[in-house]
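Colleague: The structure that follows is given in the form of structure tokens.
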Amino acid sequence: MEKWFNVGKIVNTHGVKGEVRVVSKTDFPEERYKPGNTLFLFLPTSETPVELTVKSHRTHKNFNLLVFEGYEKINLVEAFRDGILKVPESQLVELEENEFYFHEIIGCLVATTSGEELGKVTEILTPGANDVWVIKGKNGKEILIPYIDEVVKKVDVREKVILIEPMEGLLS
């Protein structure tokens, strides 16, 4: 069974020439939305994904605007709204050392270097200079961990374990 990974959600159309507005969920928009690339659209009303080839890509405000080959008119893409764009696992690119896909980090157990278990990563925020990992603590409280070398000491995605050295005030 093929494993699929979200790269974005189509939230609306843009103009009359078949452009769709995408809220991106990928760290690699320039790679994923490159003309000629194949994306698969999963619609709430269908069990079978629609295979789409990117014709053009540009950014506008906080959106990625895409046109797909063969869908260059607004009436052809209106039904794509609320669809999720995905890629199969076979399209994932090899990452550099100390780079990870979100799906590799989410679900990892986080512990301090002194052995205290904090909880599991439930979400990754990308507010700016560095990612922030959201950990659901044992008491239900969220702990925000910046993904920086001073804090994150070891990431083992195979074992699903992350070791951190908390900065002063991080856990209080």
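Colleague: Output the residue which, of all residues in segment 38-49 that are crowded, with 16+ Cβ neighbours inside 10 Å and more than 17 Å from the chain's Cα centre (by Cα), is farthest from Val93 (Cα to Cα).
Modeller: Leu43
Colleague: Among residues belonging to segment 80-91 that are farther than 18 Å from Val16 by Cα and in a helix (DSSP H, G or I), point out the one that is farthest from the chain's Cα centre (by Cα).
Modeller: Ser90
Colleague: Determine which member of the set Val54, Val110, Val67, Val77 is of a type in the set (A, V, I, L, M, F, W, C), in the same structural domain as Val152 (by TED's automatic domain parsing) and outside any loop (DSSP other than H, G, I, E, B). Working first, answer last.
Modeller: On the way: Val54 fails: in the same structural domain as Val152 (by TED's automatic domain parsing); Val67 fails: in the same structural domain as Val152 (by TED's automatic domain parsing); Val77 fails: in the same structural domain as Val152 (by TED's automatic domain parsing).
Exactly one residue qualifies, and that residue is Val110.
Colleague: Being out of contact with any strand residue (DSSP E or B) (no Cβ under 6 Å at 6 or more places or on another chain) and surrounded by 13 or more Cβ atoms within 10 Å (Cβ to Cβ) is true for just one of Leu171, Leu95. Which residue is that? Give the derivation first.
Modeller: Values: Leu95 fails: surrounded by 13 or more Cβ atoms within 10 Å (Cβ to Cβ).
Checking each option against the conditions leaves just Leu171.
Colleague: Of everything in segment 111-153, what is farther than 17 Å from Gly169 by Cβ, surrounded by 15 or more Cβ atoms within 10 Å (Cβ to Cβ) and over 17 Å from the mean Cα position of the chain (by Cα)? Give them in sequence order.
Modeller: Within segment 111-153, Ala111, Gly119, Lys120, Lys136 meet the criteria.
Colleague: Is it the case, given these coordinates, that Glu72 is more than 19 Å from Val7 (Cα to Cα), of a type outside the set (Ser, Thr, Tyr) and surrounded by fewer than 16 Cβ atoms within 10 Å (Cβ to Cβ)?
Modeller: yes
Colleague: Could you pull out the residue among Glu89, Glu78, Glu116 that is acidic (Asp, Glu) and without any contact (Cβ under 8 Å) to a residue 12 or more places away in the chain?
Modeller: None of the other options fit; the residue is Glu116.
Colleague: A further question follows. Can you spot a residue in segment 133-151 that is part of a strand (DSSP E or B), touching a residue at least 12 places away in the same chain (Cβ under 8 Å) and of a type in the set (Gly, Ala, Ser)?
Modeller: Checked segment 133-151: at least one residue is part of a strand (DSSP E or B), touching a residue at least 12 places away in the same chain (Cβ under 8 Å) and of a type in the set (Gly, Ala, Ser).
Colleague: Those residues that are in a strand (DSSP E or B) and either at positive phi or without any contact (Cβ under 8 Å) to a residue 60 or more places away in the chain (or both), I need them from segment 13-28; list them, please.
Modeller: His14, Glu19, Arg21, Val23, Ser24
Colleague: Just for segment 78-87: of the residues that are under 15 Å from Phe42 (Cβ atoms) and of a type outside the set (Gly, Ala, Ser), which one is surrounded by the most Cβ atoms within 10 Å (Cβ to Cβ)?
Modeller: Ranking the qualifying residues of segment 78-87, first place goes to Leu85.
The values are calculated or read from the model by the stated rules, or taken from the named source; none is laboratory data. Please read these numbers as outputs of a predicted model, since none were measured by experiment. For neighbour counting, all protein chains shown are included, and Cβ atoms are generated from backbone atoms with ideal geometry for every residue, glycine included.
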